[in-house]
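Report on the following structure.
The values are calculated or read from the model by the stated rules, or taken from the named source; none is laboratory data. Keep in mind that what you see is a predicted model, and the values were worked out from it rather than measured. Quick reminder, even Gly has a Cβ in these numbers, built from the backbone with ideal geometry, and neighbours come from all protein chains shown.
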Amino acid sequence: MKFTIQSGAAEKQRCDCAVVGVFEGGRLSAAAQRLDIAGKGFISALLKRGDFSAKAGETLLLHAVPHAPAPRVVLAGCGKQDEFKDANYRKAVAAAVKAARASGAKDAMVYLTEMEISGRDGRWNLRQAALAADDVLYRFDQLKSEKNNARKLAKIVFNVAGRALKSAQQGLREGLAVADGVKFAKDLGNLPSNVCTPAYLAAQAKKLSQPNLKVTVLEPRDMERLGMGALLAVARGAREPAKLITLEYRGGAKGAKPVVLVGKGITFDSGGISIKPAANMDEMKYDMSGAGSVLGTLAACAALKLPLNVVGVIPATENMPGGKAVKPGDIVTSLSGQTIEILNTDAEGRLILCDALTYSERFKPDVVIDIATLTGACVVALGKHPSGLLGNDQPLADDLQSAGADSGDRVWQLPLWDEYQDQLKSNFADMSNVGGREAGTITAACFLWRFTKKFRWGDYPGPWLKFMGASGCRGHGLSNRRQQRLHRPPRAVIDPLSDKSLR
Ligand code: BES
Ligand code: MN
Ligand code: ZN
């Protein structure tokens, strides 16, 4: 898909499909009004008849609107005018792009981006439009022999007011770089675990190498030498060798402390000896989505040449049963020196992350943020709309919260209180790796907290199997609901627009 920006009058710019906004109650956006005047009231008459509700996210495809410079016009519902804010804007753009694609048009001229959104500017409008459009157009069909080439839409032109051209260009550039990172992460998540192995993740990381992005991969023998007993415990049952991948992006001042992003890279989580039930176990190929997020984020940082130092740390392994697999009750020594009684081998994410977090100390981080499909409990607590957030530094949590609000990738903070630590008591080691039935997301974070005493730290524990209706295989004759489930990388972390994010 090609995305460009233009500034022009809706009744004059020729295209295959013009997309204009309409509010509930029949109010027209400026572009819709221009088409309406040119068409001698065609659109307003239609609205008066009550043919279109204009709720946010609803669309109506019109053919042969009189005197329109396009054979197709998509009316994009924007909801009530006084409620036209971030969420409805994103909804309108996503739905409109979907409708334009479904219409059979080869290109679309989208006028939603010139609309006024309170508290936002052209740069934000374009970033969000690029992200919403790319998201809704996403398909994963690399592994199908027959690709769906029926859809012709190849170019989207976003319209903006002339004075906003420059900042809109900047916003589009940022939006597309982030969208590329998001797509990279989604593809890695969707790839099956027989393709996306730890070695595959390492190879993908290596591909990102460039002069200011250094990638290194540690092998199991290196981990042994370092004493990463917790990570190696998880890797024991697997035939695929574990990898510890680090990506060091140096775009900031030489001495500036880096942001370290740690991503869970379990390429398949069978549960290990504490094996999971068969139903939906295929979804555990997504258990490297944190790693995918980190890779996508680093790719975007490099593409945007962000003036920051950012390090990605990815512990990658399968979690498998087997004769050599770690067993419930086994006790291992982590890189930090603390001992862990592994009472449930399915609580493996925290085991690989704790060693990666300790390893992060060597980068003398400003902050460390982990991104992980850590517990099913998080989705139970929060549903699919926000990601959870925990951490040991409230100003950092506040920054992440507001960056999430700006980017539309919202988080909801859960308490990290000392009282919960009791649940991790072990009879035989410094701690257990599970904290019982109550507060599963919080006890997982409590576990990690014990490995983050030397830096400011934030934890995104999911939910990552976000159901994204448009992003899977619909229309490909495939109705597998799970193929439409994709995690959502934390765009907030690399939001260069938000001056609140990670200074
Ligand atoms: N990868 C899972 C968490 C998960 C489950 C993510 C479902 C996405 C969807 C994690 O390793 C796990 O198995 N967690 C256990 C923890 C428990 C054993 C304390 C869980 O959530 O049941
Ligand atoms: Mn598990
Ligand atoms: Zn897992």
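See the values below:
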item: Helices (runs of 4 or more DSSP H) fully within region 106-217 counting 2 or more residues that are touching a residue at least 24 places away in the same chain (Cβ under 8 Å) and outside the structural domain of Val74 (by TED's automatic domain parsing); result: 165-190, 198-207
item: Complete set of residues in region 402-418 that are surrounded by fewer than 20 Cβ atoms within 10 Å (Cβ to Cβ) and out of contact with any helix residue (DSSP H, G or I) (no Cβ under 7 Å at 6 or more places or on another chain); result: Ser402, Ala405, Trp417, Asp418
item: Residue count, region 358-378 (criterion: assigned to a helix (DSSP H, G or I), under 23 Å from Gly252 (Cα atoms) and touching a strand residue (DSSP E or B) at 6+ places or on another chain (Cβ under 9 Å)); result: 4
item: Enumeration of residues in region 337-356 that are more than 16 Å from ligand 3 (Cβ to nearest atom) and over 18 Å from Val434 (Cα atoms); result: Gly337
item: Of all residues in region 84-105 being not small (Gly, Ala, Ser) and not in a helix (DSSP H, G or I), the one that is surrounded by the most Cβ atoms within 10 Å (Cβ to Cβ); result: Phe84
item: Residue in region 284-305 that is at pLDDT 95 or above, over 21 Å from the mean Cα position of the chain (by Cα) and surrounded by fewer than 18 Cβ atoms within 10 Å (Cβ to Cβ) present; result: no
item: Qualifying residue in region 488-499 (condition: acidic (Asp, Glu), at pLDDT below 95 and closer than 26 Å to Ala185 by Cβ); result: yes
item: Tyr359, sole failed condition from (1) out of contact with any Gly (no Cβ under 9 Å at 6 or more places or on another chain); (2) within 16 Å of ligand 2 (Cβ to nearest atom); (3) aromatic (Phe, Trp, Tyr); result: (2)
item: Residue within region 127-134 that is polar (S, T, N, Q) and closer than 27 Å to Lys12 by Cβ present; result: yes
item: Residues located in region 242-277, provided they are within 10 Å of ligand 1 (Cβ to nearest atom) and farther than 22 Å from Leu191 by Cα; result: Ser274
item: Inter-residue pairs, beta-carbon under 7 Å, first not assigned by TED's automatic domain parsing to the domain that holds Ala299 and in region 312-324, second surrounded by fewer than 24 Cβ atoms within 10 Å (Cβ to Cβ) and part of a loop (DSSP other than H, G, I, E, B), 6+ apart; result: none
item: Residue within region 379-395 that is within 16 Å of ligand 3 (Cβ to nearest atom), surrounded by fewer than 22 Cβ atoms within 10 Å (Cβ to Cβ) and either of a type in the set (Phe, Trp, Tyr) or in a helix (DSSP H, G or I) (or both) present; result: yes
item: Subset of region 1-51 (residues that are in a loop (DSSP other than H, G, I, E, B) and within 36 Å of the chain's Cα centre (by Cα)); result: Met1, Ser7, Gly8, Ala9, Ala10, Gln13, Arg14, Cys15, Asp16, Phe23, Arg27, Ser29
item: Enumeration of residues in region 415-473 that are more than 17 Å from Asp393 (Cα to Cα), modelled with pLDDT under 95 and within 16 Å of ligand 2 (Cβ to nearest atom); result: Gly462, Pro463, Trp464, Leu465
item: From Asp330, Asp346, residue being farther than 29 Å from Lys257 by Cβ, within 16 Å of ligand 2 (Cβ to nearest atom), modelled with pLDDT of 95 or more and within 27 Å of the chain's Cα centre (by Cα); result: Asp346
item: Checklist (1) closer than 27 Å to Leu126 by Cβ; (2) touching a residue at least 12 places away in the same chain (Cβ under 8 Å) applied to Ala405, failing item; result: (2)
